[in-house]
Amino acid sequence: MKNWTHGFLLGSSYYPEQWDASMWEAEFVKMRELGHNAVRMGEFAWAFFEPSAGVFEFDWMERAIELAARYGVQTILCTPTASVPPWLFQDHPEVLGGNEKGAFRYGARKGYCTNSPRMLEAADRIVDAMGQRFGDNPHIVGWQLDNEPGFPFVCYDPRCLSAFRIWLRERYQTLGSLNDAWGAAFWSHRYTDWDQIDFPFNVGDGAWNPGQKLDYRRFFSDSFIRYLGRQGERLRPYIGDRFVCTNWPDTSWSVDLYQAAGILDVTAWDNYSRPPGLVEWQDQLHGGMHHDIARCAGPNGRFLVAEQSAQTPAHADSKGIHLQTWTDVAHGALGAIFFEWRPPLGGAEQGYISVLQLDGSFGPAYDQHKRLGAELARLGGELADAVTDADIAMLFDYENQWAQGFRVGPDGYDAEFVRWYKGLKSLGRSIDIVKPGSDLSRYRLVAAPGLRIVSEETASLLKQYVQDGGTLLLNVQSGAYDPTGKLRPLMPPGIFADIAGLVTPASVAKRSMTGNLLQGPTDQGIGVKFGVRFADGASFSPETVMEGVELRGAESIAFFTGARMEGRPAITVNRVGSGSVFYVATDSRDGGFYDALARECGGRLGIEPLCAAPPGVEAVSRRTSDWRYLFLLNHTDHRQEVSLPSPAVELLSERRVEGALVMESFDVAVLKWKA
C-alpha cells in the first residue's frame, strides 16, 4: 500500500527558499524539539528549481532535505506548478487562463490553464526533472501534486473552450444527443455545429442552460483530474512506494474527490476550521465532516491534513490546537501538517501566523505542540492500522452540489449537507460519507440529502438497500432529475415516489417566503408564521421550501403548522420490504430541527450512542482486529462528564478509567478496549 504506515506524520510547511541557508539547520533542530517528524516543502519554488527554461537548480533543496532528515524530519516534497515563474508567463502568456473579465494577468498564483499545451509542456518538464533528481531519495516519504487545485473555479480562455467542445463530443457523440440532454429546444438553442457552443457568461437575457452549466462543472473537474493525473503518472516510475497526494482546500469543491482518488494514494485537505471556543461547539463538527469525506474518498480509508492552523487567536484557548489535531486523528488522519513553520516577512502572506513568531521564537501554542509531539510519537504507531467503525452513512454527490448551488452560501447544497451531518452526529456515532453507487449493506441508516439528480442504476441500488432492511432518508425533490440535469416527467419525488409512499404536487419556495412569512392571500388575509412540529411538541421554522405532500402509503411523523399548511405532513416514514424510507418535505436553519429528525429516525431503529456523552462531546470509534478505540472530544469551553459503558484504558493519561469520566474544557480522551 502506498501510504504512511509507520506512525503519525506531524509537522509543518517550510519554505527554505525564503530564508538564508545559514538558518535552515536551526529550524530543523526546533522541529525536532517539538516532536515533528515531517515537513512539507517545494510547493511554490518553481522559479528556484528552474530559473530559466530547462535549467534546473536542485542542490539547495537536496541540502534542505538532508538537513531535515539529520534531525528525524522526513519530507513531503511538492511539485511547484501552482505558481508559474515570471519567465514562463513572459514566454507563453497562454499558460494562464481567464474568466468572464478576460485573460488572467501575472502577479498572483494559480490561474493556470489545465488545457494549455504550453502549461502542460512546462509542467511535464519540471515534474520529470524532480522525479529524476529526488525520486529515490530515502528521506522523502510522499509527494504532493500542485497546491489547492481547482481554484479559480472557472477557466474561460480559448484553450478551455476548445477542450470543452472536445469533451462534449466525446460524452455525447452526436449533437442530437447533446441537444436532447440540454433541452435545447427551449429558446431555440438547437446546435448544428460543435463550434457553435460557447461559454454564456455575458448574455443579453437569461443565464447558463442548466444542462450546459452542469456539464461545464464536470468538464472543469475532469480537466483538473487529468492535469494532476498526468503529473502523478510522470512521477511514479521514479518514486517507488512513496505516496502521492494533493491538498484540496475543502472537500466540497470544484473537483470530484471520489473520482480524483483514482489518481492518488492519499486524499489530503487543508483544515482551517475555526478555533474551538470562538463559535458554537457544533461548528467543530464541520471539520469532522470534511475529514469523513476525505477518509471515504481515499483509496485506503485514510487521509492527510495537509494544512492546519498552527496557533489560535489571542482571545482563544491554545488547547484548541491539541483538540483539533486529535479530532484529525479520531476521524482517521495519517498525519497533520501545520501551516506554516515561520511567518514570511514579505509577499502576499507576510506575517502569516505560524508555529514560530516573527523573531524565530516559539509561538503561544508551544506547549500544545510539544504535547502533541510526545503523544503521537507514542500512540501514532498503535493507531496507524485502526479503521473507522461506522454503521451510519451519508451520500455526498458532487454533481448535485454543482447543480444546486456550488459554494453559494447558506441555501446551497453544501450548507444543507453540513446541517444534516451535524444532526446525525447527535446520535453519538461515527459516520461514513460515501458517493452514490457505493455498497451500503453494512449501514443501518443512510441519509441522502439533496439527491435530486440520480441515475436509474443508483436509484435501483437504494431501493434494494431498503428492501433488504436498510433505512433511507430523502428530502425535497429527491429523484426528480435525471443525470443530464433534466426533470423527469414524474411527480416529485420522481423516481423515489414509490418507496417514499407519497407525491408532492405543489410547494412554496423561498421566493414566496420573506422573514418566514408567506406573502399574499392566506387564510387570514395577513402574513402567517409557519412551523414544523414533531410529536414531542418540539417546533422549528422552515427555511427555503415547504412541499405539499400527498400520502400514498407513508405515515406522517411531523407536521406543518400555519394557515393552509396546518396539519399537513412535513416528515413521513414508509415501510418498504424489510426497511423504511423517511422523507423530509422542508428544510430549516435551526440545527435543532436536524437533531430532532436524527432522534426520530434513531429512536425507531434503536440506534444507541457509542457512550452516554453530553452535548458538545463528540464520540468517534476506530478499531483493529484486536482492539476498539473510542475518541471523546470535548468541543466546549466547560467541564463535561461522560458515562463510560465499561472500564477502559485511557491512552493519553495512561490510566484505567471506569464509571464517569470527567473531561475539562477542550479535553480529549482516547479509550481502549479488547475487541
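The values are calculated or read from the model by the stated rules, or taken from the named source; none is laboratory data. Because the structure is a prediction, the values reported are computed rather than measured. Here the Cβ positions follow ideal geometry from the backbone for every residue, glycine too, while neighbour counts run over all protein chains shown.
Things to note:
- For segment 11-29, the set of residues classified as outside any loop (DSSP other than H, G, I, E, B) and closer than 11 Å to residue 342 by Cα consists of 12, 13, 16, 18, 27, listed by residue number.
- Output for segment 450-477, where each listed residue is part of a strand (DSSP E or B) and farther than 17 Å from residue 497 by Cβ: 471
- Top-ranked residue of segment 624-650 - restricted to ones that are in contact (Cβ under 8 Å) with a residue 60 or more places away in the chain and either in contact with a helix residue (DSSP H, G or I) (Cβ under 6 Å, 6 or more places away or on another chain) or of a type in the set (Val, Ile, Thr) (or both), ranked as nearest to residue 284 (Cα to Cα): 635
- Among residues of segment 560-584 that are at pLDDT below 95, those with a beta-carbon under 6 Å from a residue that is among the acidic types (Asp, Glu) and part of a loop (DSSP other than H, G, I, E, B) at least six positions away or on a different chain give the pairs 563/523; 564/523.
- Residue 77 being over 28 Å from residue 228 (Cβ atoms) and either part of a strand (DSSP E or B) or in contact with a Phe, Trp or Tyr (Cβ under 6 Å, 6 or more places away or on another chain) (or both): no
- Members of segment 128-137 found to be among the hydrophobic types (A, V, I, L, M, F, W, C) and either in contact with a Gly (Cβ under 6 Å, 6 or more places away or on another chain) or closer than 12 Å to residue 239 by Cα (or both), listed by number: 130, 134
- Any chance residue 122 is buried (at least 19 other Cβ atoms within 10 Å of the Cβ), over 25 Å from the mean Cα position of the chain (by Cα), in a helix (DSSP H, G or I) and touching a residue at least 24 places away in the same chain (Cβ under 8 Å): yes
- Unique match (being over 22 Å from residue 285 (Cα atoms) and surrounded by fewer than 22 Cβ atoms within 10 Å (Cβ to Cβ)) among 435, 486: 486
- If only residues of segment 615-654 that are surrounded by 18 or more Cβ atoms within 10 Å (Cβ to Cβ) and of a type in the set (Val, Ile, Thr) are counted, the one that is nearest to the chain's Cα centre (by Cα) is 620.
- Checked against (1) touching a helix residue (DSSP H, G or I) at 6+ places or on another chain (Cβ under 9 Å); (2) farther than 28 Å from residue 144 by Cα, residue 202 meets all criteria but (1).
One line per residue, one yes/no per condition, for (1) in the same structural domain as residue 257 (by TED's automatic domain parsing); (2) surrounded by 24 or more Cβ atoms within 10 Å (Cβ to Cβ); (3) of a type in the set (Val, Ile, Thr); (4) touching a Lys or Arg at 6+ places or on another chain (Cβ under 8 Å):
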| residue | (1), (2), (3), (4) |
| --- | --- |
| 273 | yes, no, no, no |
| 278 | yes, no, no, no |
| 292 | yes, yes, no, no |
| 301 | yes, no, no, yes |
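- Applying the criterion of being out of contact with any Ser or Thr (no Cβ under 9 Å at 6 or more places or on another chain) and among the β-branched types (Val, Ile, Thr) to the residues of segment 636-666, the residue that is nearest to residue 318 (Cα to Cα) is 662.
- Residue list for segment 162-217, restricted to those being under 31 Å from the mean Cα position of the chain (by Cα), loosely packed, with under 14 Cβ neighbours inside 10 Å and part of a helix (DSSP H, G or I): 162, 166, 170
- Qualifying residue in segment 577-595 (condition: crowded, with 16+ Cβ neighbours inside 10 Å, more than 16 Å from residue 420 (Cβ to Cβ) and either more than 27 Å from the chain's Cα centre (by Cα) or of a type in the set (Gly, Ala, Ser) (or both)): yes
- Odd one out for residue 377, checked against (1) touching a Pro at 6+ places or on another chain (Cβ under 9 Å); (2) surrounded by fewer than 19 Cβ atoms within 10 Å (Cβ to Cβ): (1)
- Within segment 467-492, the set of residues being touching a residue at least 60 places away in the same chain (Cβ under 8 Å) and over 27 Å from the mean Cα position of the chain (by Cα) comprises 467, 468, 469.
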